[in-house]
Amino acid sequence: MKGELVGAGADWLLLGPDNYGRLDVRFTMKTHDGALIYVQYFGVIEVTPTITDTLAGGTTPTDFGDQYFFTNPRCETSDERYTWLNHTVLLARAGSSRARESSTRCSAWRTDRSGPPTGERTPGHGGVRPHGQRRDHR
């Protein structure tokens, strides 16, 4: 899903002494095909020197995996093409950049009835799937 921010939006970042920030972000997105979707996400970002530079207006982009940056977007829309988002739990990882304009790139996974993207019960591994093993969900 691709789109651009429209109208008013807001974001808050609470920086902790542990070098992690707690995010609260809210905006309306207009998708590439004209749907309006309200998005709110909470998340956690590791405040690395590159992120500190980005927050101060620097232009060094970050990539997925450069720091811990995960969110759980919640979406609301009345557009029939996207109403499935109204009852979907998403998990996203992100990267941040001010190279052109302030932007955040996200890669999101949709959970489904077969189980969560992580934390699946697996015998012999303390009850959870070992780190590094992933199952894709749509």
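The values are calculated or read from the model by the stated rules, or taken from the named source; none is laboratory data. Just so it is clear, the structure is predicted and the values come from calculations on it, not from any experiment. As a convention, Cβ positions derive from the backbone with ideal geometry for all residues, glycine included, and neighbour counts pool all protein chains shown.
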Check on residue 29, within 23 Å of residue 110 (Cβ to Cβ), out of contact with any helix residue (DSSP H, G or I) (no Cβ under 9 Å at 6 or more places or on another chain) and not charged (D, E, K, R): yes
Positions within the range 59-87 being surrounded by 12 or more Cβ atoms within 10 Å (Cβ to Cβ) and out of contact with any strand residue (DSSP E or B) (no Cβ under 9 Å at 6 or more places or on another chain), in sequence order: 83
Of residues in the range 14-28 being of a type outside the set (D, E, K, R) and over 14 Å from the mean Cα position of the chain (by Cα), the one surrounded by the fewest Cβ atoms within 10 Å (Cβ to Cβ): 17
Filter result (within 16 Å of residue 94 (Cα to Cα) and charged (D, E, K, R)) within the range 5-60: 11, 22, 24, 26, 46
Residues of the range 103-120 satisfying the condition of being part of a loop (DSSP other than H, G, I, E, B), at pLDDT below 75 and either surrounded by 12 or more Cβ atoms within 10 Å (Cβ to Cβ) or of a type in the set (D, E, K, R) (or both): 113, 116, 117, 118, 120
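Of all residues in the range 31-51, which are under 17 Å from the mean Cα position of the chain (by Cα) and more than 20 Å from residue 69 (Cα to Cα)?
Step one: filter the range 31-51 for residues under 17 Å from the mean Cα position of the chain (by Cα), giving 31, 37-47, 51.
Of everything in the range 31-51, those that are under 17 Å from the mean Cα position of the chain (by Cα) and more than 20 Å from residue 69 (Cα to Cα) turn out to be 31, 37, 38.
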Candidates 92, 35, 56 - the one that is farther than 18 Å from residue 111 by Cβ and crowded, with 16+ Cβ neighbours inside 10 Å: 35
